[in-house]
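Take a look at the structure set out below.
The values are calculated or read from the model by the stated rules, or taken from the named source; none is laboratory data. It should be emphasised that the depicted structure is a prediction, and the values quoted were computed from it without experimental measurement. Cβ coordinates were reconstructed from backbone atoms using ideal geometry, including for glycine residues, and neighbour counts include every protein chain displayed. Surface areas here come from the heavy atoms of the whole protein model, side chains and all, with no ligands, DNA or RNA. Shrake-Rupley method; radii C 1.70, N 1.55, O 1.52, S 1.80 Å.
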Amino acid sequence: MRAGLLAAVAVASLAVGSAAQAQRLAGVRPDLASDEGGLWSVSDKAEIGARQSAELDRDPALNAYVRDVACKVARDHCADIRVYVMDRPFFNASMAPNGYTEVWSGTLLRAADEAQLAFILGHEISHFDRNHSLTSWRRRKSTANAMMVLSAGVAVVGVAAASSAHTYDGASSIMDATRGLIDVVYLAGMASLFGFDRANELEADRLGLGRAAQAGYRPAAATEIWRAQMDETQASDFKRVRNSGARTNIFASHPVDAERIQALQADLKALPDAGAPGRARHRTAIRPHLAAWLRDDLRRRDFGQTLHLIDRLARDGEDLGVLNFYRGEAYRQRRGDGDLALAREAYLAAAAYSDAPVAVWRELGDLRRKEGDPAGAKAAYDTYLTKAPAAEDAWIVQDSLNSLTSGK
């Protein structure tokens with residue numbers, strides 16, 4: 001998961017720190033004069049912004065569902081957290097030091113069931129319980145101070161070398177070495193400031209798995225959600241995205257997914273392969289939002305990933321009218337070789353289901369018209385206008401129908 005909740009204030013919930021960080025006391029707010037109190041104050045302000053955000057999903061049923069799952073894994077910390085569902089088409093969930101929590105719609109769309117969502121929330125609550133963000137902030141502050149001292153010292157060496165360059169033939173070599181040292185100091189410091197401790201990520205995975213299992217969820221869901229993310233990465237239309245899962249460098253913020261799965265598999269051996277997946281309850285909660293969230297996902301313009309996501313959602317044989325329509329939209333918008341034919345096939349498949357969006361018939365009309373099938377286009381346009389006579393674009397479709405009728 002990528003931390004995006006408090007990027008503006010550099011308070012990342014997927015944070016660094018010692019794995020031995022003490023557990024947080026439930027219901028206790030820190031002294032405002034302390035460094036932790038300062039983080040809480042900043043988080044409080046960010047939370048106000050979330051409440052006022054246009055991206056906040058205000059569906060009470062959806063929010064109640066996510067809140068319920070969060071409380072099951074939070075246990076004693078249930079009263080300490082506030083959960084906000086944000087309509088953002090990316091896989092992300094974050095928890096601030098004050099308990100302010102964001103769960104993005106892209107995460108709810110990608111969680112195959114309630115057990116996977118429970119693990120994700122358990123991961124975030126484990127960061128909160130272990131106070132990883134405070135440890136991260138203190139370490140970053142210390143590193144920033146150290147960078148200033150080291151940079152100043154390196155600069156002094158550089159100035160001294162430059163001032164003696166007219167008498168010492170090796171001065172240019174010293175300057176080259178100095179520039180290299182500055183680069184090392186800068187990059188090391190930046191890695192510490194912006195890179196998250198892998199040990200804390202693995203600890204949050206382990207503790208999140210335990211929380212979900214204790215709440216009665218199937219433990220294997222923890223590895224399934226990471227495997228699904230690896231598969232979606234490989235389905236991307238973009239080579240740089242496909243390669244990102246295996247790339248490691250000083251700015252890598254989390255363990256690579258394969259490492260997380262390996263660690264979790266070791267933990268799973270100590271847990272019974274039992275528990276509820278909660279697939280039906282999860283699908284019922286997200287069903288009213290499927291169309292809007294898939295439409296948002298298409299705006300990312302990574303059609304390979306969107307098609308992979310739709311295939312996963314379609315495995316249960318539910319919501320096939322909506323899913324096939326957006327499969328058709330992905331092909332239509334991508335416009336690769338053979339994509340328009342695949343789009344028509346998907347639209348036709350969607351039209352066979354009662355939950356198909358009415359736009360299916362408008363798109364079929366447009367495609368059949370382009371294919372030189374005026375009779376088929378007329379039938380599709382007529383169906384669209386019959387089903388949606390008050391649609392905003394009804395006059396455009398009517399104009400297209402009139403032109404077919406007149407032969408113009």
Sort 296-309, 118-131 by the packing proxy (mean of other Cβ within 10 Å over each peptide's residues), most packed first. 118-131, 296-309
In terms of solvent-accessible area of protein heavy atoms at a 1.4 angstrom probe, what is the ranking of W104, W293, highest value first? W104, W293
Order of 336-348, 355-367 by packing, highest average Cβ count within 10 Å first? 355-367, 336-348
Once amide H atoms are placed 1.01 Å from N in the peptide plane, what residues at a sequence separation of 5 or more from R82, or on another chain, have their amide H within under 5 Å of its amide H? Y100, T101
Just order 316-327, 51-62, 87-98 by mean Cβ neighbour count inside 10 Å, highest at the front, would you? 87-98, 316-327, 51-62
For the range 46-112, rounded, prolate or oblate, judged on the Cα gyration tensor with a ≥ b ≥ c (square roots of eigenvalues), a/c < 1.5 rounded, else prolate if a/b > b/c? oblate
Considering only C-alpha atoms, what is the centroid distance from the range 367-399 to the range 278-352, in Å? 22
Zone residues, the range 85-112, relative to S34, backbone N less than 16 Å from point 7 Å out along Cα-to-Cβ: 97-99
Would you pull out the residues with amide H under 5 Å of A276's amide H, same chain only if 5 or more places away, H placed 1.01 Å from N? Y217, R218
Of K378, K370, which has the most accessible area with a 1.4 Å probe, and how do the rest follow in descending order? K370, K378
Between Q23 and S41, how many nm apart are label points set 7 Å from Cα along the C-beta direction? 3.1
Once phi for every residue in the range 291-305 is put through the Karplus expression 6.51 cos²θ - 1.76 cosθ + 1.60 (θ = phi - 60°), the whole-Hz ³J(HN,Hα) values, with Gly and Pro written as x, are 4, 5, 5, 5, 4, 5, 5, 5, 5, 6, 6, 10, 5, x, 5
